[in-house]
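Engineer: Here it is: the structure, laid out below.
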Ligand code: F6P
């Protein structure tokens with residue numbers, strides 16, 4: 001019998017619970033022991049964060065957003081002494097394999113542990129969907145739908161008052177979330193960090209809309225692309241439109257996971273345990289088309305996920 005452990009780390013993402021549930025239940029069905037580590041990597045440095053998990057430990061969580069295991073961003077994992085302590089702890093707890101559910105920061109921590117001899121498998125979970133090598137990450141679909149719901153509501157009030165709404169969404173370094181929500185929500189412009197945007201062009205598009213008697217416009221701004229309030233001021237100083245700013249904030253990170261994220265979490269969780277069971281390490285579960293494949297964690301970290309420029313152009317072409 002082997003002893004595995006699972007933790008969730010970095011920003012929470014809807015569907016993390018489905019992944020943890022799948023890890024725990026798959027591990028138990030293969031007659032392994034499974035521990036849940038609370039508060040992400042920080043749980044390796046505090047006392048009493050290792051929980052004994054049984055089938056009932058993950059009951060009633062598949063439909064819940066956030067992470068029942070709790071999460072944190074750990075500074076300790078960035079330091080060599082911290083890493084050495086983390087390895088010591090995992091060895092002392094006799095952990096034969098660790099599943100890390102999180103984003104690229106979590107992947108870095110997992111890779112560092114793997115390089116120090118701890119068997120690790122990662123599961124991509126971030127609403128940013130910015131992990132290279134996987135079509136999608138757990139949490140992305142739910143967040144897109146949450147933003148869409150907001151866009152629908154904003155459009156109602158925007159139309160009634162004939163206003164332009166600027167909506168800031170998350171994405172410190174990437175615009176995948178802004179693009180998907182903007183395209184699906186029919187946004188007139190989308191600002192993302194990956195693509196140079198031009199204020200004249202944004203204003204020109206707004207004026208074109210007004211000319212053909214359009215009663216509303218939505219501009220989606222990824223937080224890493226620009227300061228939404230500055231853009232707002234700049235638009236107002238150039239053209240006579242009434243504007244309002246809405247910041248989605250952490251509302252877009254919570255909420256019950258969509259079916260897509262529950263399925264992804266369940267499939268990836270089970271796949272991660274199967275990989276550990278087969279003695280694999282340093283890999284992550286990636287969605288490629290409709291298949292879950294195991295690819296090196298290094299691949300996720302080596303380069304930025306490419307931005308689908310053709311979808312960006314499609315958005316501009318369709319939203320006129
Ligand atoms: O990494 C995911 C993310 O959602 C980013 O898009 C966002 O900038 C960040 O988390 C916010 O982090 P925090 O919850 O620590 O403020």
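Engineer: At R0 = 56 Å, how high is the FRET efficiency between residue 199 and residue 280 if r is their beta carbon distance? Nearest 0.05 is fine.
Structural biologist: Computed FRET efficiency for residue 199 and residue 280 comes out at 0.70.
Engineer: Which percent of the Cα-Cα distances in the stretch 83-191 go past 23 Å?
Structural biologist: 46 percent
Engineer: If you don't mind, another one. Under a plain spin-label model, where a point goes 7 Å from the Cα along Cα-to-Cβ, how far apart in nm are residue 75 and residue 260?
Structural biologist: Reported label-point gap for residue 75 and residue 260 is 3.7 nm.
Engineer: Out of all DSSP beta bridges in the chain, what portion is antiparallel? Express it as a percent rounded to 5.
Structural biologist: Antiparallel bridges: around 20 percent, rounded to the nearest 5.
Engineer: Moving on. Taking the Cα-to-Cβ direction at residue 88 and at residue 242 and moving 7 Å from each Cα, how far apart do the two end points lie in nm?
Structural biologist: Simple spin-label model gives 6.5 nm for this pair.
Engineer: What is the distance in Å between the Cα centroid of the stretch 80-140 and that of the stretch 1-20?
Structural biologist: Centre-to-centre distance over Cα atoms comes out at 10 Å.
Engineer: Taking the Cα-to-Cβ direction at residue 207 and at residue 316 and moving 7 Å from each Cα, how far apart do the two end points lie in nm?
Structural biologist: Between residue 207 and residue 316, the simple spin-label model gives 1.7 nm.
Engineer: A further question follows. Viscosity 1.306 mPa s, temperature 10 °C: Stokes-Einstein D of the chain from its Kirkwood Cα radius, in µm² per second?
Structural biologist: 77 µm²/s
Engineer: Treating the angle as unsigned and between 0 and 90°, give the value, to the nearest 10°, between the Cα long axis of helix 104-115 and the longest Cα principal axis of the chain.
Structural biologist: The angle comes out near 20 degrees.
Engineer: Once the Cα atoms of helix 309-318 and of the chain are each reduced to a long axis, what angle between those two axes, in degrees from 0 to 90 to the nearest 10, is obtained?
Structural biologist: So the helix axis and the longest Cα principal axis differ by about 30 degrees.
Engineer: Can you tell me the Rg and the Dmax, both Å, for the Cα atoms in the stretch 1-159?
Structural biologist: Just the Cα atoms of the stretch 1-159 yield Rg and Dmax of 16.8, 62 Å.
Engineer: Let me ask another. Quick check on the stretch 1-125: of the DSSP beta bridges with both residues there, what percent are antiparallel, nearest 5%?
Structural biologist: Around 20 percent of the beta bridges assigned by DSSP in the stretch 1-125 are antiparallel ones.
Engineer: For the chain, what is the calculated [θ] at 222 nm in deg cm²/dmol (nearest 500), taking -39500 (n - 2.57) for each run of four or more DSSP H residues and dividing by its residue count?
Structural biologist: Result for the chain, helices only: -13000 deg cm²/dmol.
Engineer: Taking only the alpha-carbon positions of the stretch 193-320 and ignoring solvent, what does the Debye formula give for the base-10 log of I(q)/I(0) at q = 0.09, 0.10, 0.21 Å⁻¹?
Structural biologist: The Cα Debye sum returns log10 ratios of -0.47, -0.56, -1.30.
Read the figures in this text as sums done on the coordinates, not as results from a lab. Remember, it's a predicted structure, so these values are computed and weren't measured experimentally. Positions of Cβ are backbone-derived with ideal geometry, glycine not excepted, and every protein chain shown enters the neighbour counts.
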